[in-house]
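All remarks here apply to the structure that follows.
The values are calculated or read from the model by the stated rules, or taken from the named source; none is laboratory data. Keep in mind it's a predicted model, so treat the numbers as computed, not measured. Please note: Cβ atoms are built from the backbone with ideal geometry, for glycine as well, and neighbour counts cover all protein chains shown. What goes into the accessible areas is simple: the full protein's heavy atoms, side chains included, and nothing from ligands, DNA or RNA. Shrake-Rupley method; radii C 1.70, N 1.55, O 1.52, S 1.80 Å.
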Amino acid sequence: MSAYVAQEEEDIYTKDGTTDYRYKPAIKSNTGTWKACPYILGNECCERLAYYGINTNLVNYLKFQLNQTSVVAVSNVTNWSGTCYVMPLLGAFLADSYLGRYWTIAAFSIVYVFGMTILTLSASVHGLKPLCDDKNGCHPTSTQIGVFYVGLYLIALGTGGIKPCVSSYGADQFDDSDESEKKSKSSFFNWFYLSINIGALVAATVLVWIQTNVGWGWGFGIPAVAMALAVVSFFSGTRLYRNVRPGGSPLTRIFQVIVASVRKSRVQVPVNKSLLYETTTDEESVIKGSRKLDHTNKLSFFDKAAVETQSDKIKDSVTPWRLCTVTQIEELKSIIGLLPIWATGIIFSAVYSQMGTLFVLQGNTMDLRMGGSFQIPSASLSLFDTVSVIFWVPVYDRVIVPFARRITGHKNGFSQLQRIGIGLVISIFAMLSAGTLELMRLKMVRQHNYYEVNHIPMSIFWQVPQYFIIGCAEVFTFVGQLEFFYEQAPDAMRSLCSALSLTTAALGNYMSTFLVNMVTDVSTRNGSKGWIPDNLNYGHLDYFFWMLALLSVMNLGAFVLVAKCYTYKKPVDPVSH
């Protein structure tokens with residue numbers, strides 16, 4: 001069955017029978033809107049349950065099952081997480097260029113299931129799982145480690161096709177030319193992020209407890225089943241989806257503009273911009289699935305690519321490597337304009353990545369008891385981040401937005417950049433909270449000589465504020481980024497721009513790896529134990545959190561500067577993609 005579902009109206013069909021929304025509003029018959037969204041949200045909820053079922057407690061698996069040191073385990077977790085957020089560039093390219101979002105999600109979901117299956121086998125099948133004893137820990141062989149990492153990085157590849165497409169695909173179900181649907185699309189991003197955190201909540205509670213108390217075979221097997229359910233949920237909604245045809249390779253179009261403008265570097269751009277190629281009132285864009293974009297005066301060098309010369313036309317056909325449309329040029333300008341905003345998300349992602357690494361190791365040193373003999377796994381504290389998100393999403397959508405709308409006059413309460421900026425401010429307090437807690441923990445260690453005590457008598461629930469604050473920051477910054485990169489992306493580059501926003505998480509994880517290793521190298525000189533030793537009671541983890549807080553302040557200043565200079569995208573007409 002074709003993923004491009006036919007609509008009940010004439011003359012919008014292409015020759016191959018697929019549906020194209022380039023020229024007319026998406027039809028409000030039996031497809032799209034909130035009718036299609038439950039299947040997409042169900043897919044995302046189950047997929048995130050599977051992902052966080054691995055990610056949340058991975059540092060403990062690496063440290064205790066694969067016998068890695070704290071620094072190596074932290075680095076491996078952030079490197080893998082970073083890869084999960086780099087691979088979306090591949091998935092986005094395929095979605096925007098060739099496959100479309102539907103088939104990209106479908107194909108990569110299958111890869112994801114294979115990765116989850118291999119990972120489960122590596123932790124449950126005799127000969128593939130490491131041999132462990134009570135005294136000396138676990139002793140994995142190179143083959144066992146290899147199988148584990150094959151499964152782990154197949155999961156990273158699988159995420160590459162899902163993450164950049166699924167939020168954009170959900171937004172595709174709403175028509176920009178219909179005001180009520182456009183308003184629903186803004187709300188969709190909030191509920192989309194809520195579905196992510198419902199999956200994360202189950203992972204941080206049920207799955208972490210199973211991994212710690214029952215076994216890693218079950219702990220990885222249940223996320224594998226969840227991923228299979230995600231695939232089922234996605235395919236179940238096939239007949240209801242609205243699908244946008246792929247617009248061809250966005251990278252090719254970008255390079256065509258660059259090449260054409262360099263070739264014409266000596267050509268003068270006319271003062272009357274209506275003389276530039278394809279700036280007529282015609283609604284149609286030559287780029288599949290894209291509205292025309294209005295000309296802007298920024299980065300005017302690239303306008304040279306749209307200046308018509310005698311040599312541009314050979315045998316009455318336009319050579320795109322010599323002459324480009326204004327819309328094509330504005331696509332490149334839009335991408336370049338997004339990069340400064342994109343760069344300011346890296347530090348925030350580095351802060352966010354601490355939940356799965358150093359927050360967990362910090363929690364390992366504290367009193368894990370809850371209500372007598374029951375011990376809560378340290379990785380389960382991330383549930384308070386999830387609870388925070390689940391709390392703040394409806395509060396933001398139903399309380400903060402209407403209140404802010406009366407003050408700002410903005411239809412969404414805050415502009416997308418204002419929303420992101422508020423989250424950046426809140427994230428600073430998360431690092432201050434974590435640093436303050438570690439300062440007090442180390443003070444107790446010194447006062448009572450707890451250096452060799454595995455769990456000092458300080459409740460792990462003192463970590464709750466830092467998790468809760470990060471959850472609040474997420475609702476502003478991450479959801480704001482989702483909406484911003486979707487709305488400001490050229491129509492035919494939305495998957496690519498969603499992937500671009502996700503690479504901030506990748507670079508944030510890689511930055512965390514770099515900072516941890518740099519700090520370790522510098523702080524362990526002259527025989528010192530350093531800031532992040534295996535026994536944190538001898539370290540100064542608080543210094544690392546203070547450093548991240550300082551970097552966050554500097555990053556906020558940079559964000560304010562680039563946000564003031566940003567110009568929002570201006571489509572020529574309101575026709576839906």
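Once R0 is set to 25 Å, what does the formula 1/(1 + (r/R0)^6) return for the Cβ-Cβ distance between Thr141 and Asn526, expressed as a FRET efficiency to the nearest 0.05?
E(calc), rounded to 0.05, equals 0.10.
For Rg and Dmax of the Cα atoms in Å, which listed value, [x] 24.7, 82; [y] 25.4, 87; [z] 26.3, 82, comes from the coordinates shown?
[y]
Of Glu308, Glu47, Glu278, Glu179, which has the most accessible area with a 1.4 Å probe, and how do the rest follow in descending order?
Largest accessible area first, the list is Glu179, Glu308, Glu278, Glu47.
What order do you get for 268-276, 409-417 when each peptide is scored by the mean count of other beta carbon atoms within 10 Å, highest first?
409-417, 268-276
Can you work out ³J(HN,Hα) from phi for every residue in the range 215-222, in order, using Karplus 6.51 cos²θ - 1.76 cosθ + 1.60 and θ = phi - 60°, giving whole Hz and x for Gly and Pro?
After applying 6.51 cos²θ - 1.76 cosθ + 1.60, I find x, 6, x, 5, x, 8, x, 5 Hz.
Arrange the residues Met431, Met554 by how much accessible surface each exposes, largest first, with a 1.4 angstrom probe.
Ranked from most to least accessible, the order is Met554, Met431.
To the nearest 10 degrees, how steep is helix 416-448 against the longest Cα principal axis of the chain, on a 0 to 90 scale?
Helix 416-448 and the main axis of the chain meet at about 10 degrees.
Of the heavy-atom accessible surface of the range 413-455 (probe 1.4 angstrom), what whole percent is carbon and sulfur?
61 percent
At a threshold of 8 angstrom on Cα-Cα distance, excluding pairs fewer than six apart, so keeping six or more, what relative contact order does the chain reach in percent?
23 percent
Arg406 to Arg446: extension gain in nm, 0.36 nm per residue of separation minus the Cα-Cα distance?
9.2 nm
For the range 100-188, which trypsin sites (Lys or Arg not before Pro) are both in a DSSP coil and crowded by at most 11 other Cβ atoms within 10 Å?
Within the range 100-188, the qualifying trypsin sites (Lys or Arg not before Pro) (loop, at most 11 other Cβ atoms within 10 Å) are Lys135.
Classify the range 438-517 as rounded, prolate or oblate, taking a ≥ b ≥ c as the square roots of the eigenvalues of its Cα gyration tensor: rounded when a/c is under 1.5, otherwise prolate if a/b is larger than b/c and oblate if not.
prolate
How much area per residue is accessible in the chain when the probe is 1.4 Å and only protein heavy atoms are counted (Å²)?
Per-residue accessible area for the chain comes out at 41 Å².
Heads up, I need the accessible area for His540: 1.4 angstrom probe, whole protein in place, Å², nearest 10.
His540 has an accessible surface of roughly 60 Å² with all protein chains in place.
Per residue of the range 330-347, what does 6.51 cos²θ - 1.76 cosθ + 1.60 with θ = phi - 60° give for ³J(HN,Hα)? Whole Hz please, x for Gly and Pro, Karplus curve as stated.
5, 4, 5, 4, 5, 4, 4, x, 6, 4, x, 5, 4, 4, 6, x, 5, 5
Okay, which of the range 219-262 sit inside 13 Å, backbone N to the point 7 Å along the Cα-Cβ direction of Ser311?
260-262
Unpartnered cysteines of the chain (Cβ-Cβ under 4.7 Å counts as a partner)?
Cys37, Cys45, Cys46, Cys84, Cys165, Cys324, Cys472, Cys497, Cys565
Angle, helix 100-124 long axis vs. longest principal axis of the chain, Cα atoms, 0 to 90°, nearest 10?
20 degrees
Report the full-extension gain for the segment Met518 to His455: residue separation times 0.36 nm, less the Cα-Cα distance, to one decimal in nm.
Answer, rounded to one decimal: 19.9 nm.
HN-Hα J couplings of the range 157-166 from phi, Karplus 6.51/-1.76/1.60, θ = phi - 60°, integer Hz, Gly and Pro as x?
5, x, 4, x, x, 8, 4, x, 9, 5
Using only Cα atoms, locate the centre of the range 391-429 and the centre of the range 130-200, then give the distance between them in Å, rounded to an integer.
Measuring centre to centre over Cα atoms gives 25 Å.
Using 0.36 nm times the number of residues separating Leu299 and Arg266, minus their current alpha carbon distance, what extension gain do you get?
Here the segment from Leu299 to Arg266 would lengthen by 10.3 nm.
Can you put Ile145, Ile162 in order of accessible area, largest first, using a 1.4 Å probe?
Output order, biggest surface exposure first: Ile145, Ile162.
For Ser180, tell me the accessible area in Å² from a 1.4 Å probe, rounded to the nearest 10.
Accessible area, nearest 10 Å²: 80 Å².
Give the long-range amide H neighbours of Ser459: residues separated by 5 or more places, or on another chain, with amide H under 5 Å away, using H modelled in the peptide plane at 1.01 Å from N.
Asp367
Output the 0 to 90 degree angle, nearest 10, between the alpha-carbon long axis of helix 541-565 and the longest principal axis computed from the alpha carbons of the chain.
10 degrees
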